[in-house]
Amino acid sequence: MAAVTRRGGALPTEESADYLLLLFADAERSLPHMEGLGAEIERAVSGVKCKVAPTKSPARTAVKALEKYNGKYSRVTDLARMTFVCSTLGAVFGVCKRSQLRLTSRSC
């Protein structure tokens with residue numbers, strides 16, 4: 001695999017604090033987009049309420065990376081999170097269709 005570089009040099013390793021800081025910057029930038037998607041889906045699908053959570057704390061992220069992923073921050077995928085609360089099964093399918101999400105066992 002080719003090395004990915006950024007202005008000023010190579011990207012930090014996935015175990016470094018700098019890598020974690022980049023992940024948090026990306027997560028923070030994604031929150032307004034998630035809020036917009038949630039609002040759009042709420043307008044389009046009846047019986048749906050969207051909840052966008054604050055980013056996971058740095059301390060919790062570090063613990064999760066160490067306990068579950070051998071210290072690799074790149075494996076932590078839930079820094080920015082949102083939940084759709086659906087009043088009917090039809091609303092669940094409407095959310096999935098509008099957001100192009102795949103149902104997982106955790107969704108049910």
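The values are calculated or read from the model by the stated rules, or taken from the named source; none is laboratory data. Because the structure is predicted, anything quoted here is derived from the model rather than measured. Note that we place each Cβ from the backbone using ideal geometry, even for glycine, and neighbour counts take in every protein chain shown.
Within segment 29-52, being under 17 Å from the mean Cα position of the chain (by Cα) and exposed (fewer than 13 other Cβ atoms within 10 Å of the Cβ) holds for 29, 32, 33, 36, 39, 51. Each residue in segment 1-34 was checked for being in a helix (DSSP H, G or I) and either in contact with a helix residue (DSSP H, G or I) (Cβ under 8 Å, 6 or more places away or on another chain) or modelled with pLDDT of 95 or more (or both), and 4 of them qualify.
For segment 82-108, name all the residues that are at pLDDT below 75 and in a helix (DSSP H, G or I). Of everything in segment 82-108, those that are at pLDDT below 75 and in a helix (DSSP H, G or I) turn out to be 105, 106, 107. Sort out which residues of segment 63-74 are in contact (Cβ under 8 Å) with a residue 40 or more places away in the chain and surrounded by fewer than 16 Cβ atoms within 10 Å (Cβ to Cβ), and write them in order of number. The answer is 71, 72, 74.
If you go through segment 83-103 one residue at a time, do you hit one that is closer than 30 Å to residue 13 by Cβ, touching a residue at least 12 places away in the same chain (Cβ under 8 Å), surrounded by 11 or more Cβ atoms within 10 Å (Cβ to Cβ) and not charged (D, E, K, R)? No, segment 83-103 contains no residue that is closer than 30 Å to residue 13 by Cβ, touching a residue at least 12 places away in the same chain (Cβ under 8 Å), surrounded by 11 or more Cβ atoms within 10 Å (Cβ to Cβ) and not charged (D, E, K, R).
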